[in-house]
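Chemist: Shown below is the structure under consideration.
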Amino acid sequence: MSRPNSDRAVEATLAGLEIETPSWGYGDSGTRFAVFQQAGRPRDVFERLDDAAEVHRLTGAAPAVALHFPWDHVDDLGALRAHAAAVGLRIGAVNPNLFQDSAYMLGSITHPDEAIRAKAVAHLLECVEIATELGSTAQSLWLADGTNYAGQDDLRARRRRMLEALQEVYATLPPEQELLVEYKFFEPGFYATDFADWGSSLLVCQKLGERAKVLVDMGHHAQGTNIEQIVAILDEEGRLGGFHFNNRKYADDDLIVGSVNPFELFLVFCELTAAGRPLPRLTIDQSHNVEPKVEAMVLSVVNIQEAYAKSLLVDREALAAYQADGDVLGGHEVLLDAFRTDVRPLCARVRAAKGAPEDPVRALRESRYAARIAQERGGSVTTAGGWGR
Ligand code: LRH
Ligand code: MN
């Protein structure tokens with residue numbers, strides 16, 4: 001099958017790929033059963049930025065870091081912003097945290113108690129300030145809000161409370177910031193989740209304003225959900241604000257993006273590149289419970305680079321022609337042709353042109369970065385967290 005886009009054109013487009021890695025992907029993470037600490041784990045947000053800078057050095061495609069507050073809290077935000085710049089990074093989306101404070105057991109901005117809602121709004125307003133000081137242009141909001149039993153709360157009243165609170169926050173959003181609303185179909189809510197699906201997020205975004213958009217986390221859908229179709233719909237509505245890339249086999253597993261279903265990731269990028277519009281904010285959101293964290297992040301960026309490169313190889317004219325002819329498998333085979341193309345040499349050339357190693361994972365292993373930071377950062381590793389501890 002012919003190649004519509006020359007490799008040179010694909011390389012030029014691929015060189016523009018910019019991914020945000022999550023500060024929390026470098027630190028301790030685990031399941032409700034245990035959190036296994038790893039040697040060399042970053043001791044603070046500055047060292048998390050150092051690890052993120054190493055991922056950018058090795059891939060040439062990860063120039064930003066998403067932060068989470070209060071996990072990344074520091075007294076001197078100026079020093080944090082300066083450190084990011086010093087290691088060649090910028091601050092990506094700011095993620096508020098309304099899911100750990102005990103006050104939010106029954107909800108945050110959906111809580112029946114007005115005082116609790118006011119506390120939650122205060123945190124959201126603080127995060128808007130933090131983003132301004134850090135030069136961040138996005139609030140990335142995920143609410144754990146939900147209920148566990150039918151009748152536990154009035155589902156409509158919760159939605160009204162949520163909307164009222166978000167309207168108050170949106171009204172303070174400086175023009176350079178957007179609000180990304182992430183949904184998740186369950187957990188920690190096991191009966192109802194207030195932002196359970198793309199529709200519930202989209203409807204609220206449309207009520208808030210133009211700079212409110214939906215964030216799609218790959219692990220937040222029921223089994224069998226067609227995520228690339230959701231991408232197409234949100235993109236057509238101009239409300240596709242961003243992604244949290246990861247992969248799952250069962251639930252919100254937060255595994256390495258593309259490690260379970262690389263074809264799905266490719267199809268998501270086929271939709272992202274279908275309209276020729278600029279890509280939305282692309283953020284990785286993973287928890288590396290047993291795998292080496294920096295290597296996991298490097299492999300994740302490589303998997304995204306390759307999925308994007310393959311989507312840029314799709315013969316769009318042939319695809320449209322087969323679709324117009326009702327040729328059921330013609331279009332599918334056009335996609336398979338691009339998906340089955342080995343884009344590793346192309347991606348290696350793009351990296352080399354940006355001064356990054358052609359094979360980032362091998363370069364990381366040969367650099368013995370993990371051994372060096374384990375040496376430098378010392379620190380005993382104990383099994384922390386989890387039930388009964
Ligand atoms: C919730 C979520 C959300 C983050 C958290 C770390 O499952 O995807 O995006 O705040 O993980
Ligand atoms: Mn997420």
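The values are calculated or read from the model by the stated rules, or taken from the named source; none is laboratory data. All figures in this text were calculated on a predicted structure; none of them were measured in a lab. No Cβ is skipped: glycine too gets one built from the backbone with ideal geometry, and neighbour counts run over all protein chains shown.
Chemist: Checking residue 275 against (1) at pLDDT below 95; (2) within 16 Å of ligand 1 (Cβ to nearest atom), which single condition isn't satisfied?
Modeler: Condition not satisfied by residue 275: (2).
Chemist: Moving to a separate point now. Against the definition (closer than 14 Å to residue 68 by Cβ, away from ligand 2 (no atom under 16 Å from the Cβ), crowded, with 19+ Cβ neighbours inside 10 Å and polar (S, T, N, Q)), how does residue 136 come out, yes or no?
Modeler: Yes; evaluated as a whole, the condition is true for this residue.
Chemist: Further question on the same structure: Take the range 190-202 and flag every residue that is away from ligand 1 (no atom under 16 Å from the Cβ) and either of a type outside the set (Ser, Thr, Tyr) or at pLDDT below 95 (or both).
Modeler: 192, 199, 202
Chemist: Kindly establish whether residue 290 is within 24 Å of the chain's Cα centre (by Cα) and more than 17 Å from residue 62 (Cα to Cα).
Modeler: Answer is yes for this residue.
Chemist: Next question. How many residues, within the range 160-178, are assigned to a loop (DSSP other than H, G, I, E, B) and either modelled with pLDDT under 95 or within 22 Å of the chain's Cα centre (by Cα) (or both)?
Modeler: So the answer is 3.
Chemist: Would you mind finding the one in 8, 57, 81 that is surrounded by fewer than 22 Cβ atoms within 10 Å (Cβ to Cβ), in contact with an Asp or Glu (Cβ under 8 Å, 6 or more places away or on another chain), part of a helix (DSSP H, G or I) and not β-branched (Val, Ile, Thr)?
Modeler: The match here is 81.
Chemist: Then there is this: So residue 141 fits all but one of (1) within 16 Å of ligand 2 (Cβ to nearest atom); (2) out of contact with any Pro (no Cβ under 8 Å at 6 or more places or on another chain); (3) not β-branched (Val, Ile, Thr); what number is the exception?
Modeler: (2)
Chemist: Now for a separate question. On the given criteria, is residue 241 within 15 Å of ligand 2 (Cβ to nearest atom) and in contact with a Pro (Cβ under 8 Å, 6 or more places away or on another chain)?
Modeler: yes
Chemist: Can you name the residue in the range 203-254 that is outside any loop (DSSP other than H, G, I, E, B) and in contact with a Lys or Arg (Cβ under 6 Å, 6 or more places away or on another chain) and, of all such residues, is nearest to ligand 1 (Cβ to nearest atom)?
Modeler: 242
Chemist: Within the range 87-103, is there a residue that is assigned to a helix (DSSP H, G or I) and either in contact with a strand residue (DSSP E or B) (Cβ under 9 Å, 6 or more places away or on another chain) or within 16 Å of ligand 1 (Cβ to nearest atom) (or both)?
Modeler: no
Chemist: When both residues are 6+ apart or on different chains and their Cβ atoms are under 6 Å apart, which pairs have a first residue that lies in the range 92-105 and is in contact (Cβ under 8 Å) with a residue 60 or more places away in the chain, and a second that is away from ligand 1 (no atom under 13 Å from the Cβ)?
Modeler: Hits for this filter: 92/64; 92/65.
Chemist: Is at least one residue of the range 256-267 within 16 Å of ligand 2 (Cβ to nearest atom), assigned to a helix (DSSP H, G or I) and at pLDDT 95 or above?
Modeler: Checking the range 256-267: at least one residue is within 16 Å of ligand 2 (Cβ to nearest atom), assigned to a helix (DSSP H, G or I) and at pLDDT 95 or above.
Chemist: Six or more apart or on different chains, Cβ under 9 Å: which pairs go from a residue in the range 134-150 that's outside any strand (DSSP E or B) to one that's within 13 Å of ligand 2 (Cβ to nearest atom) and of a type in the set (Lys, Arg)? Could you list them?
Modeler: 137/281; 143/184; 144/184
Chemist: Considering only residues that are crowded, with 21+ Cβ neighbours inside 10 Å and on the phi > 0 side of the Ramachandran plot, which ones fall in the range 216-227?
Modeler: Matches in the range 216-227: none.
Chemist: Now for a different question. Against the definition (crowded, with 16+ Cβ neighbours inside 10 Å, over 21 Å from the mean Cα position of the chain (by Cα) and free of Cβ contacts under 8 Å to residues at least 60 places away in the same chain), how does residue 49 come out, yes or no?
Modeler: In short, no.
Chemist: Determine whether residue 212 is in contact with a Cys (Cβ under 6 Å, 6 or more places away or on another chain) and either more than 12 Å from ligand 2 (Cβ to nearest atom) or not small (Gly, Ala, Ser) (or both).
Modeler: It is true that residue 212 is in contact with a Cys (Cβ under 6 Å, 6 or more places away or on another chain) and either more than 12 Å from ligand 2 (Cβ to nearest atom) or not small (Gly, Ala, Ser) (or both).
Chemist: Identify the single condition in (1) touching a residue at least 60 places away in the same chain (Cβ under 8 Å); (2) in a loop (DSSP other than H, G, I, E, B) that residue 317 does not satisfy, given that it satisfies every other one.
Modeler: Checking residue 317 against (1) touching a residue at least 60 places away in the same chain (Cβ under 8 Å); (2) in a loop (DSSP other than H, G, I, E, B), the one that fails is (2).
Chemist: Any chance the range 342-349 includes a residue that's on the phi > 0 side of the Ramachandran plot and of a type outside the set (A, V, I, L, M)?
Modeler: Among the residues of the range 342-349, not one is on the phi > 0 side of the Ramachandran plot and of a type outside the set (A, V, I, L, M), which makes the answer no.
Chemist: Next question, about the same structure. So which residues in the range 174-215 are buried (at least 20 other Cβ atoms within 10 Å of the Cβ) and of a type in the set (Lys, Arg)?
Modeler: 184, 213
Chemist: Next up: Filter the range 179-219 down to residues that are of a type in the set (Asp, Glu) and more than 15 Å from the chain's Cα centre (by Cα) and give me whichever is farthest from residue 20 (Cα to Cα).
Modeler: If we take residues in the range 179-219 being of a type in the set (Asp, Glu) and more than 15 Å from the chain's Cα centre (by Cα), then 194 is farthest from residue 20 (Cα to Cα).
Chemist: Keeping to the range 268-312, report how many residues are touching a Pro at 6+ places or on another chain (Cβ under 8 Å), assigned to a loop (DSSP other than H, G, I, E, B) and either within 23 Å of residue 340 (Cβ to Cβ) or acidic (Asp, Glu) (or both).
Modeler: Qualifying residue count, the range 268-312: 1.
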